[in-house]
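So the structure is just underneath, and the comments pick up after that.
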Amino acid sequence: MKRSRTHGRTGLWCAACLLAAWGLRSAPAQALRPALAPPPNADQNAPAIFSVAFHTTNGDFILQVHRDWAPRGADRFYTLVKSGYYQGNAFFRVVPHFVAQWGLSPTPARSAIWSQRRLPDDPVRQSNLRGRVSFAASGPNSRTTQVFVNLANNARLDKLGFAPFGEVTTGMATVETLAADYGDSPPGGHGPDPRRILTQGAAYLTSAFPRLDVIYTAVLQP
């Protein structure tokens, strides 16, 4: 059974984890075409606390992850970052005062591989307050690669099972000013449609949504 949707805002749900971001906001081609590599056989155990620096077309921000908040989510995020998965991802859904979401690879084949790696749920130990980061999901035990930053205090998401695993510690202004030109995903808005992304890939996103912001790099801080 799918989690109920709140206030008509849809898209936290991983409808189809496929996105192509080539050409968006003049991002360098080398940053948007990561090498296709299979995921490891299992998620790696993350450190108790670690930080990830994001360099984007809108500026930089840092996420700090606390493994004890949501161990499975932290391990998956750590594994995705180490594999370079988030390089080239577009912020395909930015709804002011709600969420900024990413986690769809610019290479559909790469997303297809990871979409088979569904992650068991974590208990919700922290609240979805402004700046905190959680995995998106389409129902119980369905998390894969998509994550979102809360742009407001969204505590109502706690009861829906969204378990924060970290928070933005530096650069929240960068996250809050990501391009929100297209609004929510269908059917609640006119943003990128995951079904069309699935079938048309880069051509669809580049032609229809050229102003989306994109991740150049996401790297573990020493």
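The values are calculated or read from the model by the stated rules, or taken from the named source; none is laboratory data. Computed from a prediction, not measured in an experiment: that's the story for all the values here. Glycine also receives a Cβ, built like all others from the backbone with ideal geometry; neighbour counts cover every protein chain displayed.
Just so you know, in region 193-215 the residues that are farther than 17 Å from A112 by Cβ and not in a helix (DSSP H, G or I) include one that is modelled with the lowest pLDDT, and it is D193.
Quick grid of which residues meet (1) outside any strand (DSSP E or B); (2) touching a residue at least 60 places away in the same chain (Cβ under 8 Å); (3) out of contact with any Phe, Trp or Tyr (no Cβ under 8 Å at 6 or more places or on another chain); (4) crowded, with 24+ Cβ neighbours inside 10 Å:
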position: S51; (1), (2), (3), (4): no, yes, yes, no
position: H55; (1), (2), (3), (4): no, yes, no, no
position: D60; (1), (2), (3), (4): no, yes, no, no
position: Q64; (1), (2), (3), (4): no, yes, no, no
position: D68; (1), (2), (3), (4): yes, no, yes, no
position: V81; (1), (2), (3), (4): yes, yes, yes, no
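Filtering region 86-97 to residues that are out of contact with any Asp or Glu (no Cβ under 6 Å at 6 or more places or on another chain) and either surrounded by fewer than 24 Cβ atoms within 10 Å (Cβ to Cβ) or not in a loop (DSSP other than H, G, I, E, B) (or both) leaves Y86, Q87, A90, R93, V94, P96, H97.
N150 fulfils the conditions (1) at pLDDT 95 or above; (2) surrounded by fewer than 24 Cβ atoms within 10 Å (Cβ to Cβ) except for a single criterion, (2). With T206, T217 as the choices, which residue is touching a residue at least 40 places away in the same chain (Cβ under 8 Å) and under 18 Å from V65 (Cβ atoms)? Sole residue among the options that is touching a residue at least 40 places away in the same chain (Cβ under 8 Å) and under 18 Å from V65 (Cβ atoms): T217. Restricting attention to region 100-159, the residues that are under 19 Å from L178 (Cα atoms), of a type outside the set (K, R) and assigned to a loop (DSSP other than H, G, I, E, B) total 12.
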